[in-house]
Amino acid sequence: MQCPKCHAPMHTYNRNGVQIEQCSGCRGIFLDYGELEALSRVESQWSQPAPPPPPAPQAYPAPQAPAWGAPHGGGHHGGHYGHKRHKSFGHMLFSS
Amino acid sequence: MTANPLLPALTAKARAAAHARTPACPCGVGAVTLADRSDATVVRHEDTVAKAHAPDATPTDLTARLTVATHLPDVLLPPLTQAPVTLHGRVVTFWPYGTPVDPENPDTAPWEAAATLLARLHETPAPAALPPMRGPAKAAHSVARLRALAPHPAAPPVLRAWTVLPAWARAETAMPDTTTLCHGDFHLGQLVRHPAPDGPWRLIDVDDLGTGIPAWDLARPASWYACGLLPAGEWTRFLAAYRAARGPAVPAEGDPWPALDVPARALTVHTAARAIAKAAAADRPLDEVEQSLVDACDRMSSAPPQLSPHSAK
């Protein structure tokens, strides 16, 4: 196929599953019927927010806890204080 | 505050012991006081540590405990000397220096190593002359101190939780297990790497070591977890490693709480009692962590202790 504008040969490329022809001379692009819509559709998929990741696999099943355990703890949610340890608890970890 | 005459004497002892081990001691840092509390004064001189034990520590009991550490160098840090010496009325022992868990970075806590060491300790036959481990006695002491304080609004739920515990957990009768070797005071400050700085982890502090209920040694992490302070992941790592090492304190599978319940309650009460005494002495309210211990004690009254085959005896 030749470029309708400058008559240089055109080469076929595959962009995201859509066949497009690009001129080797003027770099112009020729799209077949429906290919513009196909590219737009692909573009809109890229710009959409990524779907939420599947819930992280729980490394540890919630362990058993005693009846008097903290309501949300006994650790079912990883401890009241999460990853930021309270200074007072940091001290307690090392105290008799 | 009057100067403690023990400290300079202990510092001199630590220096002498270090120089006896390493005549070419670089003395780069000189002596460092690692602890100076009513129950222990600890001084480091380079690779050597001198510890003055609690005023009520007896040479006979301490010698029996030192002997266990000497014979279990893969579990306990072995002392430099077989018998304690006396200094200003206190018994003193000497130890090689080991690198502790970084208190500023407890996320690096070696939960698996700790659990494996405790499992090995619990599996070791206890020598006949060994006294009982002192965990329940120390908890009872904290509760007695709480009772002696001026009335504190947080004290009643803590005292109620204490009174429903079995007599052995309150140190009023002997523990039902008189053959299992226990540490008696396990927490993250009881681990060092030896040789420093990156040798294997070892347990330190034999002051409370003795025979007793081995679940007591798992009960501080269990209590922290139950109070919502220790994340489930860390508790699970600790418990799973203990079970993987075939420790006898809990059944190999299934619910560990029938075995852990009484010791974890007792240590929650102990820690809450100490926290209230500390807050009262500083004339400040309880912080949220301390309050979570009191809240746990409060919830204990509506759930009677689980009696494991051991604790029911």
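In the set B:GLU112, B:GLU172, only one residue is surrounded by fewer than 21 Cβ atoms within 10 Å (Cβ to Cβ) and either of a type in the set (Lys, Arg) or not in a loop (DSSP other than H, G, I, E, B) (or both); that residue is B:GLU112.
For segment B:228-259, residues that are among the small types (Gly, Ala, Ser), assigned to a helix (DSSP H, G or I) and surrounded by fewer than 20 Cβ atoms within 10 Å (Cβ to Cβ) total 3. The set of residues in segment B:22-50 being modelled with pLDDT under 95 and touching a Ser or Thr at 6+ places or on another chain (Cβ under 6 Å) consists of B:ALA31 alone.
Kindly indicate whether B:ASP217 is facing chain A (nearest Cβ under 8 Å) and at pLDDT 95 or above. Against the criterion (facing chain A (nearest Cβ under 8 Å) and at pLDDT 95 or above), B:ASP217 does not qualify.
Can you tell me which residues in segment B:251-305 are basic (Lys, Arg) and more than 9 Å from chain A (Cβ to nearest Cβ)? Let's see the steps before the verdict.
Here is the first cut: in segment B:251-305, the residues basic (Lys, Arg) are B:265, B:274, B:278, B:284, B:299.
Result: B:LYS278, B:ARG284.
Which residue is modelled with the lowest pLDDT, if the candidates are limited to segment A:23-67 and must be within 14 Å of chain B (Cβ to nearest Cβ) and surrounded by 11 or more Cβ atoms within 10 Å (Cβ to Cβ)?
Kept after step one, since they are within 14 Å of chain B (Cβ to nearest Cβ), are these residues of segment A:23-67: A:56-67.
Now restrict to residues that are surrounded by 11 or more Cβ atoms within 10 Å (Cβ to Cβ): A:60, A:62-67.
Numbers: A:TYR60: 55, A:ALA62: 77, A:PRO63: 89, A:GLN64: 94, A:ALA65: 95, A:PRO66: 96, A:ALA67: 95.
Ranking the candidates gives A:TYR60 first.
Contact map, segment B:185-210: first residue over 22 Å from B:MET133 (Cβ atoms), second residue of a type in the set (D, E, K, R), Cβ cut-off under 9 Å, separation 6 or more or different chains; pairs are B:ARG193/B:ARG202; B:HIS194/B:ARG202; B:PRO195/B:ASP47; B:ALA196/B:ASP47; B:GLY199/B:ARG193; B:PRO200/B:ASP74; B:PRO200/B:ARG193.
Rundown of residues vs (1) under 18 Å from the mean Cα position of the chain (by Cα); (2) of a type in the set (A, V, I, L, M); (3) away from chain A (no Cβ under 14 Å), yes/no style:
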site: B:THR86; (1), (2), (3): no, no, yes
site: B:VAL92; (1), (2), (3): no, yes, yes
site: B:TRP95; (1), (2), (3): yes, no, yes
site: B:ALA109; (1), (2), (3): yes, yes, no
site: B:GLU112; (1), (2), (3): yes, no, no
site: B:THR116; (1), (2), (3): yes, no, yes
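The values are calculated or read from the model by the stated rules, or taken from the named source; none is laboratory data. Owing to the predicted nature of the structure, the values given are computational and were not obtained by experimental measurement. A quick note on method: Cβ atoms are made from the backbone with ideal geometry, for glycine too, and the neighbour counts reach across all protein chains shown.
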